[in-house]
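The values are calculated or read from the model by the stated rules, or taken from the named source; none is laboratory data. Everything numeric here is computed off the predicted structure, so don't read it as measured data. Cβ sites come from the backbone with ideal geometry, for glycine too, and all protein chains shown count toward neighbours. Accessible surface is based on the protein model in full, side chains and every heavy atom, while ligands, DNA and RNA are left aside. Shrake-Rupley method; radii C 1.70, N 1.55, O 1.52, S 1.80 Å.
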Amino acid sequence: MQEKKCVALNYASHSHYNDHLVPVCAIMNMPLIVVDENDCATCKKYYPDVDVILAEYDEFNPEYLIQNFDVLFMSDLWDRDVFKEKFQPLEKKYHKNIRNVHVPHGYSDKGFYLRKAAREDITLIYGQNMLDMFRHEGVLHELQHYVITGNYRLTYYRTHQTFFDKIVQEEVLSKFDKKRKTILYAPTWMDLEETSTYFDFIGHVLDTIPEDYNIIVKPHPQLELDDTALYYQILGKYQDHPQVHFLIDFHLIFPILNVSDIYIGDMSSIGYDFLHFNRPMFFLNKDNRNPKRDRRSFLYNCGVDIKKHQFPRLYEIIGEHLHDDKKYKNIRAEVYEYTFGKERTFSEIKTEIINTYNEIS
């Protein structure tokens with residue numbers, strides 16, 4: 001088994017990618033390169049077991065990468081043909097081939113993302129659900145090289161659970177005025193399908209919070225760029241609310257899920273992550289999709305599907321359905337198994353990745 005020099009890259013400073021790249025760094029025993037000082041400091045704080053390198057932006061280019069590494073791991077989408085075209089002259093110059101491994105930043109039912117992910121050089125795939133979604137989108141035939149990984153992020157969390165849980169206790173739960181049941185609201189960004197509920201409907205989530213709940217809001221980092229003014233207006237409006245805490249520049253996912261009693265979401269991949277805990281889930285279905293027929297709302301089968309006209313009754317609906325949540329437990333377990341399969345050891349995943357890039361080099 002010939003190992004090559006590997007590195008994970010977060011060259012565009014998408015800080016939420018780090019929670020996905022770091023576990024793969026642990027698997028491959030490789031460093032993570034970032035280009036932003038704050039990003040570097042945050043990674044060193046939250047992931048002390050991984051070697052984080054701050055690259056000088058003006059020196060961080062394709063020639064630097066091919067000089068120093070053989071295999072790149074990224075969560076940014078990079079079409080394999082464009083990738084090879086970019087590196088081909090350098091491959092001739094340095095007499096070596098360079099490979100690119102796509103690390104998914106979570107799994108969701110967003111077809112536009114998977115259509116692009118199928119065009120990667122090597123793709124990491126969680127399990128059967130992702131493969132079937134490639135087929136549904138008509139791009140399975142474009143998927144050339146891939147490795148089935150299972151839920152390695154959960155494995156990584158379990159390995160460091162005491163450390164991560166302490167961070168959440170000190171930096172999140174301590175911000176509430178008193179202990180209550182915890183709701184996590186995790187809206188996605190305003191993607192190509194405009195699936196986010198954050199800007200238009202957050203008032204339904206935060207304006208009428210019952211006294212017996214605290215709410216952790218995990219806005220997708222891209223939302224700040226989607227509408228910067230409104231993003232900060234929302235933060236300002238609720239920043240002093242004793243039952244509300246926003247996770248800003250905080251990208252640990254599984255320790256947050258571990259302390260969350262209830263999930264409210266739309267199309268975020270965090271919904272699939274939450275399946276492991278098998279707790280009540282509520283989905284803000286703003287486009288009134290039918291989860292029985294619409295593949296893009298498949299996850300909504302795992303909890304209560306709340307249509308747009310019902311949003312004003314959000315907490316009334318939550319109260320009505322919590323007592324019969326048991327009816328969703330089996331389907332949540334089944335969908336989790338379908339999406340992630342059995343956990344694989346880091347050694348198994350590493351061996352298969354190495355075999356894959358060796359076979360095609």
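Any residue in the range 241-261 that's of a type in the set (Asp, Glu): show its pairings with residues that are not in a loop (DSSP other than H, G, I, E, B) at Cβ separation under 6 Å, as long as the two are six or more apart or on different chains.
Asp261/Lys181; Asp261/Thr182
Which of the residues spanning the range 196-229 are of a type in the set (A, V, I, L, M) and within 17 Å of Leu284 (Cβ to Cβ)?
Ile202, Val205, Leu206, Ile209, Ile215, Ile216, Val217, Leu223
Are there strands (runs of 3 or more DSSP E) fully within the range 98-148 with at least 2 residues that are open to solvent by less than 10 Å² (accessible area, probe 1.4 Å), touching a residue at least 12 places away in the same chain (Cβ under 8 Å) and more than 20 Å from Ser196 (Cα to Cα)? List them.
Those strands (runs of 3 or more DSSP E) span 99-102, 122-125.
Please verify whether the range 188-210 includes one or more residues that are part of a strand (DSSP E or B), touching a residue at least 60 places away in the same chain (Cβ under 8 Å), surrounded by fewer than 18 Cβ atoms within 10 Å (Cβ to Cβ) and more than 18 Å from the chain's Cα centre (by Cα). Explain how you work it out, then say what you get.
Within the range 188-210, the subset part of a strand (DSSP E or B) is none.
No, every residue in the range 188-210 fails to be part of a strand (DSSP E or B), touching a residue at least 60 places away in the same chain (Cβ under 8 Å), surrounded by fewer than 18 Cβ atoms within 10 Å (Cβ to Cβ) and more than 18 Å from the chain's Cα centre (by Cα).
Right, Phe73: part of a helix (DSSP H, G or I) and either in contact with a helix residue (DSSP H, G or I) (Cβ under 6 Å, 6 or more places away or on another chain) or modelled with pLDDT under 95 (or both) or not?
No; evaluated as a whole, the condition is false for this residue.
When the residues of the range 313-344 are narrowed to those that are without any contact (Cβ under 8 Å) to a residue 60 or more places away in the chain and of a type in the set (Val, Ile, Thr), which ends up surrounded by the most Cβ atoms within 10 Å (Cβ to Cβ)?
So, considering only residues that are without any contact (Cβ under 8 Å) to a residue 60 or more places away in the chain and of a type in the set (Val, Ile, Thr), the one surrounded by the most Cβ atoms within 10 Å (Cβ to Cβ) is Ile318.
Which residues, taken from the range 228-252, are open to solvent by less than 20 Å² (accessible area, probe 1.4 Å) and either in a helix (DSSP H, G or I) or among the hydrophobic types (A, V, I, L, M, F, W, C) (or both)?
Hits for the range 228-252 are Tyr231, Ile234, Tyr238, Val244, Leu247, Phe250, Leu252.
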